Each structure stands twice: as C-alpha cells, then as structure tokens.
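Contents: one structure, followed by commentary.
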Amino acid sequence: MRAIPKGLPKQIWLEAKERYYDRATQHYVAVMSYELRDRVREWALSYDEAGDIIQLITVHPLKELQKLSRIKTGRWQR
C-alpha cells in the first residue's frame with residue numbers, strides 16, 4: 001500500500017496543467033509533478049466528470065516514460 005498524502009488527489013485536481021482523456025479506460029487524467037520522499041515524480045489522477053460531479057478513480061506515480069508513451073500511441077488525448 002502506498003503512503004500517498006491525503007490531500008494529494010485534490011491538489012492534483014486543482015493545480016494540474018496537463019489534462020488528458022484516456023481512450024483505453026474512458027476516464028480523464030490530470031498530471032502534475034510532486035515531490036515525495038525527496039524525489040520529484042509525475043503523478044496521474046484518473047477521474048470521471050459528469051456535470052458538477054467529479055469522481056476520483058485513482059492516483060498513482062507515473063513511470064519514467066509512461067506519459068510520453070501514452071501520448072505517442074494516442075491512448076491519452078488532450
């Protein structure tokens with residue numbers, strides 16, 4: 001189990017400059033960098049959006065080339 005700070009999902013939702021639609025999962029994805037345990041990594045927040053309702057699905061750190069790969073293959077679209 002990851003020790004993800006409780007406020008991190010909300011922070012990503014509010015501050016992320018990069019947002020994508022994941023064609024494979026049909027969820028939206030917000031991405032931002034965050035430092036945790038002296039290491040800066042990109043984090044992805046998957047969520048659904050229906051009108052005024054935002055439902056968070058998951059939050060996780062991205063592997064080094066994961067974001068670029070998903071953009072390049074067309075899985076993630078702006």
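Charge tally around residue 27: other residues with Cβ under 11 Å, Lys/Arg +1 each, Asp/Glu -1 each, net -2. Per-residue Karplus couplings for the stretch 16-30, computed as 6.51 cos²θ - 1.76 cosθ + 1.60 with θ equal to phi - 60°, are listed in order as 4, 8, 10, 9, 9, 10, 8, 5, 6, 9, 6, 10, 8, 9, 10 Hz, Gly and Pro entered as x. Amide H contacts of residue 57: 46, 47, 48, each under 5 Å away and 5 or more positions distant or on a separate chain (H built 1.01 Å from N in the peptide plane; Pro and chain starts excluded).
Annotation note: GluC sites (Glu not before Pro) in the chain located in DSSP loop regions with a Cβ neighbour count of at most 14 within 10 Å are 64. Mean separation of Cα pairs under 8 Å and 6 or more residues apart, divided by the residue count, gives the chain a relative contact order of 26 percent. For residue 27, nonlocal amide neighbours, meaning residues 5 or more places apart or on other chains whose placed amide H falls under 5 Å from its own, are 22. Extension gain for the segment residue 39 to residue 78, taken as residue separation times 0.36 nm less the Cα-Cα distance, is 11.3 nm to one decimal.
All distinct Cα pairs of the stretch 1-45 go into the 1/r average, and the inverse of that average, the Kirkwood radius, is 11.3 Å. Looking at the chain, I'd like the Rg to Rh ratio, where Rg is from alpha-carbon atoms and Rh is Kirkwood's inverse mean 1/r. Taking Rh as the inverse mean 1/r over Cα pairs, Rg/Rh reads 0.95. By the count of neighbouring beta-carbon atoms within 10 Å, fewest first, 22, 48, 38 end up ordered 38, 48, 22.
Counting other Cβ atoms within 10 Å, which trypsin sites (Lys or Arg not before Pro) in the stretch 1-68 have at most 14 and lie in a DSSP loop? Sites meeting the loop and neighbour criteria: 2, 6, 17, 23, 37, 63. Find how many whole Å separate the alpha carbon centroid of the stretch 1-28 from the alpha carbon centroid of the stretch 38-60. Using only Cα atoms, the two centres lie 2 Å from each other.
Computed from the coordinates by the stated procedures, all read-outs in this text should not be read as laboratory data. Given the structure is predicted, the values throughout are model-derived calculations rather than measurements. Cβ coordinates were reconstructed from backbone atoms using ideal geometry, including for glycine residues, and neighbour counts include every protein chain displayed.
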